[in-house]
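Here is the structure we will look at.
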Amino acid sequence: MSHLSRRPESGPDSYEVGKAIPHESAALHTTGLALYTDDLVGRTKDCLHAYPVQVFVAKGKVTTLDVQPAYAVAGVVRVLTGADVPGVNDAGVKHDEPLFPTETKFFGHAVCYVLAETLEAARLGAAAVVVEVEPEPALINVKDAIAAKEFQGAQPTVQRGDVEEGLRAAPHVYSGTFEFAGQEHFYIETHCALAHVDEAGQVFVQSSTQHPSETQEIVAHVLGKHSHEVTVQCLRMGGGFGGKEMQPHGFAAVAALGSVLTGRPVRVRLNRAQDLTMTGKRHGFHAEWRVGFDDDGKLMALQATLTADGGWSLDLSEPVLGRALCHLDNTYWIPNIRVNGRIAKTNKTSNTAFRGFGGPQGMMVIEDIIGRCAPLLGLDPDDVRRRNFYTEGQTTPYGQPVHQTDRLRAVWDQVHTSADLDRRWAEIAAFNAEHPHVKRAIAVTAVKFGISFNLTAFNQAGALVHVYKDGSVLINHGGTEMGQGLHTKMLQVAATTLGVPLAKVRLAPTRTDKVPNTSATAASSGADLNGGAVKNACEQIRDRLARVAGAELDVSPAEIRFVDGAAYALGNAEGVLWEDVVLTAYYQRVQLSAAGYYRTEGLHWDSSTMTGSPFKYFAYGCAATEVEVDGFTGAYHTRRVDIVHDVGDSLSPLVDLGQIEGGFVQGAGWLTLEDLRWDESDGPDRGRLTTQAASTYKLPSFSELPTEFNVQLLQRAHEEGAVYGSKAVGEPPLMLAFSVREALRQAAAAFGPDGTSVDLASPATPEAVWWALAEAAKGHEHGHVADGADGAYPEPSDPAAPERHPESEVWQHTDHHVTTLTKV
Amino acid sequence: MTTPEATVNGHSIAFGDLPPHTTALDWIRDLGFTGAKEGCAEGECGACAILVARPSTIGDDTTEWVSINACLIPAASLDGQDVLTSEGLGSPEQLHPVQREIAVRGGSQCGYCTPGFVCAMAAEYYRAGRVVDAHPEAADEPERGANGFDLHALSGNLCRCTGYRPIRDAAFALDEPAADDLLAARRADPAPVSRATRVSSNGAEYVRPADLAATLEFLHERPDATVVAGSTDWGVEVNLRGRREPRVVGIDQVPELRELTVDDDAFTLGAALTLTELERRLDGAIPLLGQVFPQFASRLIRNGATLGGNLGTASPIGDCPPALLALEAELVLASVAGQRTVALADYFTGYRQTVRRPDELIKAIRIPRPLAPLTAFHKIAKRRFDDISSVAVGFGLTLVDGSVEKARIGLGGVAATPLRATATEAALVGRRWDEPTVRTAAEVLTTEGTPIDDQRSSAAYRSAMLGQSLRKFYHHTTTGALP
């Protein structure tokens, strides 16, 4: 057990981590008193409202931008254009996202913003702005971009072994292609920023952002200011899911610029249609592959090319693609493998981080392959999956040893037992035989997800902890709260480390002037990183207080334990109250605050070769899902889900349960229901997102909640490498939803003869399922998987593509200029 | 006229100058009650849900706490009404039972949707017909708790974080309101009386006339006025498409439009009764409509939306017209010149166009009796709760000695207007209700209308689903699975 992971020896009842407590803001949430960025507007005097001027041409040069008519609208105060930018006119970190563009790159691209006394006036002002655009041909879907060879960014390859030889030796070789859709984040709170300027020209921006430090940097570079002149605060977000990792920066910059120019507070809040049409989403992917199996269904070789739909700019597409390549193996040992990756450049919103960050897209490819090929091999997909699991000593295609493979088998076996699968499979076989128009199926899929940012530098965090003279504790850390319960966990970590009751600790909103240079709250890493930093800060204070208490109790500080609000000497029931120790420390001039710091040890990653051990550990999980499909319509519902998931020793079981259930349902939404449609016609609306409202883009609702939903945390799951033995939980459960998709595939197959291989579109909407089952019912044994040597050959990477310079997934705002000073 | 005002969380607040397009949500948030949120501005997510003290939906003279989407209604339409938001239900120190159950069970994560869930759940908590322990066999009915809680009450609320399970558990854990619960006690008193209203700003006005005569007179003088009832359609136009009108007439409280009568010849349904009121007061008396209501949008929408509105907007994808066509419904249109009755099949003339003149109101919908004995409503959509149809089909069939004596089939989503599948009807009438007939008629049905490809589904799927709906209907009639 490491120092980081060890819990107090006083026993689980005596400390706060591991207790199932509600979200720290639950009472504020339910009473409506919890404040989000836009709730501050009515509490802010003389606020101006900003409205974007969107141009509805997917690609074209702006030939005219006449903002004068806007000033004729009563209430309009100012129109912000590129000419107003004192610093860098760019909202991104790759310098490919002009904040006020002179060309439109997607349908709905905003070219300027109107500020007015009311939102209504700003809207009317925006409508009055005259924009003329000379349209150019636009690429909307990935296939067209591939055909046109329109790519952006690096084209990495992950490889191991000899793929050609592996395929040659394999008795069963199949090939296929698969294109699947992205996903809209649909956080219920749309993007919002509120900025004001103080008497010295310093800018304060309240932003709904997962990455306050980067928002700060972008605001600073747009304004031509230094970072110390800009403070960004995030009270909390009404959902983020990755959609507020990079996308908030531009809106914060617009608010800040408006505020600097007018001297008044400025609010930018997108309405839902603006949010949907202006901000990035999960990347849809195109995949082509050849795979070789042996007679037992064991994977011998896999060759694949993955093309991510990057949209109009790079944004986070490179690291997303990197994670996709590093997760294509999922839980499976593939001895010979070569996976090429590339990023299509299309005239759509710039796709970005979304829970799983490419991991789901990578896993999707292998799970789809197994789901399609198992029937052709004459094998049960459940057997094919289990047989290919990693065993101890094996490494991933990028060279990281896969540890804790016993946990993979444990979650798999536990699900099979707890879900009573053998009995239920038999029942389903009988049910299906009796019901020609309704079919049921259960599918089981597992997840292995690497935890840490691929890029080693991001795996660091800071915290600031104050203990006041009355013994109350205030903590700050660099992570943001978007509903995932990070703050709840941090309160538990602080209380546990200091040995005080939870009520003694309060948490202040995330601000860049409290903890600087933070990483995004992303990659499921929030609790691992910030928990390490909070623990470190608390330990510094606790160790100082132990010296004070040791002197009081006349023992060595090493023998002092803080438990439940008092300091005790080991083996002695008499102690000193926490408050008394704190006050004594103050009078002894002992510092009662500390800055904590944490960095994840033991990581390395070489992005030029795509090899290394980028992940601290893997999170495992397994789900069994039963669906029922109506053969008349393709409509379906989820009857039962059983999940066993590995969260290490949970920091906060109720929070973790919520992450697992919520992630699963969100993943099921991506795979079944959520349908991003773009106008691909040659008409004037080419490139328009046609599902740009809640009425057309359907999220899971109560009707998608599994009728029976059983979730267990894997027990005795201590993780050495993370704070108090826990594991990250934000993203991995999303990928458990592949079990829903595979169950739908198997139910569709049940309308056909045994051994039917089913191609299932993604999302597997009722319509998609109906076409799949109608095809199965025709009695075709093969889907569109090509058997044998013919079929699709994955394209190699383009040698002319930009070189993958080391650490190319770094999203640096400015190039590193290392100036060498020579003393003369 | 008294000063237009509403009571929000116990505070009486005058509207003052207010244009008709100012939504209740914006007005309430501007008061400082920022619990209610805008998530979608089209009544799909429920983050804006509030409670309003309304006349009981079962038609007695008690009060019901009704949940509605505040983002869709004009603030001025709340004149004289009593409104509660999540802030008014409880405080962190004294959580309301609904708030407590959601909080302790992990029913809130980011919390943004939570105040809306709280209001929608509180409405069901206080529903007079909810009887704790009436459904001990809840396992057979996954959408109803043993505490009588109907999960459809939350069908108009979206949560992106939790996956809903803890919210369901919270809903199903609720007990009866306590004896000293003032909001429960309030139900015994009559609801605030609707009153004539005029609220305006810069010449744009919201007007609520006192009765039908005044309404028709107003429309006679101002045929350009926009008529709204639940404004669940108009509110979307205002929010998403910037529709602004100088003159809006609220008819949702006009007493003559809120009558429901049943006699030997017909059911006469007042055009301004909400769908919730119709659902509860008909209570299955028209089985086909009993199938439609739970699939029609969400409870939040049904609490405001009216049958008259669904026909007034004449949307080709409204859910009621296919069923009403199958029921051979007629519309009673009223104007200062008098009343006329129009068969629904003759009512639609084009995309969102009808025979109704601008000075006319839909007063009532007549459904002639006897009803067709065999009916079904099939809605094809991506999502089971609260979605818009790709295709909707209403069936009304009369069989005599195993043969089809009469068939009425209404279709939605396959043309610019709802329409009757007359060719399919002809292919059924006079034939045995058996597999060969159904096979032939289903082929005909597949060719009805002129479906299009759009974001909801392909034209091919729409056509296929028409045929499939008849096959499924037949299958259910032969297996006894017909609801």
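A single member of B:Ala6, B:Ala41 is aliphatic (A, V, I, L, M) and assigned to a loop (DSSP other than H, G, I, E, B), and it is B:Ala41. Counting residues in region A:340-361 that are over 30 Å from A:Lys61 (Cα atoms), open to solvent by 10 Å² or more (accessible area, probe 1.4 Å) and small (Gly, Ala, Ser) gives zero. A residue that is closer than 29 Å to A:Ser762 by Cα, assigned to a helix (DSSP H, G or I) and within 14 Å of chain B (Cβ to nearest Cβ) can be found somewhere in region A:257-272. Determine, yes or no, whether A:Ala126 is of a type in the set (Gly, Ala, Ser), crowded, with 18+ Cβ neighbours inside 10 Å and within 34 Å of the chain's Cα centre (by Cα). Spelling it out, A:Ala126 is indeed of a type in the set (Gly, Ala, Ser), crowded, with 18+ Cβ neighbours inside 10 Å and within 34 Å of the chain's Cα centre (by Cα). Which condition breaks for A:Ala429 when tested against (1) part of a loop (DSSP other than H, G, I, E, B); (2) without any contact (Cβ under 8 Å) to a residue 24 or more places away in the chain? Every listed condition holds for A:Ala429 apart from (1). Of the residues making up region A:1-35, those that are open to solvent by 20 Å² or more (accessible area, probe 1.4 Å), of a type outside the set (D, E, K, R), within 14 Å of another protein chain (Cβ to nearest Cβ) and farther than 12 Å from B:Ala103 by Cα are A:Ala20, A:Leu33, A:Leu35. When region A:212-240 is filtered for residues that are away from every other protein chain (no Cβ under 14 Å), touching a Lys or Arg at 6+ places or on another chain (Cβ under 8 Å) and more than 14 Å from A:Gly201 (Cα to Cα), the ones remaining, listed by number, are A:Pro212, A:Val232, A:Gln233. Taken as a whole, region A:466-485 holds at least one residue that is in contact with a Phe, Trp or Tyr (Cβ under 6 Å, 6 or more places away or on another chain) and in contact (Cβ under 8 Å) with a residue 60 or more places away in the chain.
Listed by first and then second residue, the pairs with beta-carbon distance under 6 Å, at least 6 apart or on different chains, first residue in region A:676-697 and within 7 Å of chain B (Cβ to nearest Cβ), second assigned to a loop (DSSP other than H, G, I, E, B) and open to solvent by 50 Å² or more (accessible area, probe 1.4 Å), are A:Thr690/A:Arg677; A:Thr691/A:Arg677.
No other residue among A:Leu65, A:Leu4 is in a loop (DSSP other than H, G, I, E, B) and more than 26 Å from B:Arg29 (Cα to Cα) apart from A:Leu4.
Consider B:Leu78 carefully, then state whether it is out of contact with any Leu (no Cβ under 9 Å at 6 or more places or on another chain) and within 14 Å of another protein chain (Cβ to nearest Cβ).
Values: out of contact with any Leu (no Cβ under 9 Å at 6 or more places or on another chain): yes; within 14 Å of another protein chain (Cβ to nearest Cβ): no.
Considered against the rule, which asks whether it is out of contact with any Leu (no Cβ under 9 Å at 6 or more places or on another chain) and within 14 Å of another protein chain (Cβ to nearest Cβ), B:Leu78 comes out as no.
How about region B:91-193: which helices (runs of 4 or more DSSP H) wholly inside it have at least 1 residues that are surrounded by 16 or more Cβ atoms within 10 Å (Cβ to Cβ), in contact with a Lys or Arg (Cβ under 6 Å, 6 or more places away or on another chain) and not hydroxyl-bearing (Ser, Thr, Tyr)?
Output list reads B:165-173.
Taken over region A:503-521, the residue count meeting the criterion of being within 13 Å of A:Leu474 (Cβ to Cβ) and in a loop (DSSP other than H, G, I, E, B) is 4. Hey, can you tell me all the residues within region A:310-339 that are open to solvent by 10 Å² or more (accessible area, probe 1.4 Å) and either farther than 15 Å from A:Thr609 by Cα or not in a helix (DSSP H, G or I) (or both)? Matches in region A:310-339: A:Trp312, A:Leu314, A:Trp333, A:Pro335, A:Asn336, A:Arg338. Filtering region B:189-216 to residues that are more than 25 Å from the chain's Cα centre (by Cα) and aliphatic (A, V, I, L, M) leaves B:Val199, B:Ala204, B:Ala213, B:Ala214. Taking region B:438-462 on its own, how many of its residues are buried (at least 18 other Cβ atoms within 10 Å of the Cβ), away from chain A (no Cβ under 11 Å) and touching a residue at least 24 places away in the same chain (Cβ under 8 Å)? Counting residues in region B:438-462 that are buried (at least 18 other Cβ atoms within 10 Å of the Cβ), away from chain A (no Cβ under 11 Å) and touching a residue at least 24 places away in the same chain (Cβ under 8 Å) gives 6. Within the option set B:Ala53, B:Ala36, B:Ala47, being part of a strand (DSSP E or B) and not assigned by TED's automatic domain parsing to the domain that holds B:Asp387 holds for one residue only, B:Ala53. With respect to A:Thr104, is the statement that it is surrounded by 20 or more Cβ atoms within 10 Å (Cβ to Cβ) and within 12 Å of A:Val133 (Cα to Cα) true? Taking the combined requirement at face value, the residue satisfies it.
Return yes or no: is A:Ala122 outside any strand (DSSP E or B) and free of Cβ contacts under 8 Å to residues at least 40 places away in the same chain? Here the answer is no, as A:Ala122 does not meet what is asked. Scanning region A:716-771 for residues that are open to solvent by less than 10 Å² (accessible area, probe 1.4 Å), of a type in the set (Gly, Ala, Ser) and assigned to a helix (DSSP H, G or I) gives A:Gly725, A:Ala737, A:Ser739, A:Ala743, A:Ala747, A:Ala748. Checking each residue in region A:663-690 for being closer than 24 Å to B:Glu42 by Cβ, of a type outside the set (A, V, I, L, M) and crowded, with 19+ Cβ neighbours inside 10 Å picks out A:Gln666, A:Gly669, A:Trp670, A:Thr672, A:Glu674, A:Asp675, A:Trp678, A:Gly687, A:Arg688. Among the residues of region A:639-662, those that are buried (at least 24 other Cβ atoms within 10 Å of the Cβ) and more than 9 Å from chain B (Cβ to nearest Cβ) comprise A:Val641, A:Asp642, A:Ile643, A:Val644, A:His645, A:Asp646, A:Val647, A:Gly648, A:Ser650, A:Leu651, A:Ser652, A:Asp656.
Does region B:69-90 hold any residues that are open to solvent by 10 Å² or more (accessible area, probe 1.4 Å), touching a residue at least 40 places away in the same chain (Cβ under 8 Å) and assigned to a loop (DSSP other than H, G, I, E, B), and which are they? Passing the criteria: B:Ile73, B:Gly80, B:Gln81.
Could you say whether any residue in region B:9-23 is among the hydroxyl-bearing types (Ser, Thr, Tyr), more than 19 Å from B:Leu300 (Cα to Cα), assigned by TED's automatic domain parsing to the domain that holds B:Ala123 and in contact (Cβ under 8 Å) with a residue 12 or more places away in the chain? Within region B:9-23 (the criterion being among the hydroxyl-bearing types (Ser, Thr, Tyr), more than 19 Å from B:Leu300 (Cα to Cα), assigned by TED's automatic domain parsing to the domain that holds B:Ala123 and in contact (Cβ under 8 Å) with a residue 12 or more places away in the chain), the answer is yes, since at least one residue qualifies. Checking the conditions here, which among B:Leu344, B:Leu300, B:Leu278 is outside the structural domain of B:Ile58 (by TED's automatic domain parsing), in contact with a helix residue (DSSP H, G or I) (Cβ under 7 Å, 6 or more places away or on another chain) and within 28 Å of B:Thr450 (Cα to Cα)? Answer to the check: B:Leu344. Within region A:619-638, track down each residue that is among the hydrophobic types (A, V, I, L, M, F, W, C) and surrounded by fewer than 24 Cβ atoms within 10 Å (Cβ to Cβ). Result: A:Phe632, A:Ala635.
Summed over region B:211-234, the residues that are in contact (Cβ under 8 Å) with a residue 40 or more places away in the chain and open to solvent by 30 Å² or more (accessible area, probe 1.4 Å) give a count of 8. Inspect region A:184-195 for any residue being aromatic (Phe, Trp, Tyr) and not in a strand (DSSP E or B) and give the result as yes or no. There is at least one residue in region A:184-195 that is aromatic (Phe, Trp, Tyr) and not in a strand (DSSP E or B).
The values are calculated or read from the model by the stated rules, or taken from the named source; none is laboratory data. Quick caveat: nothing in here was measured; it's all calculated off a predicted structure. Counting neighbours? That spans all protein chains shown, and the Cβs are built from the backbone with ideal geometry, glycine included. Side chains are part of the model used for accessible areas, which takes the heavy atoms of the whole protein and leaves out ligands, DNA and RNA. Shrake-Rupley method; radii C 1.70, N 1.55, O 1.52, S 1.80 Å.
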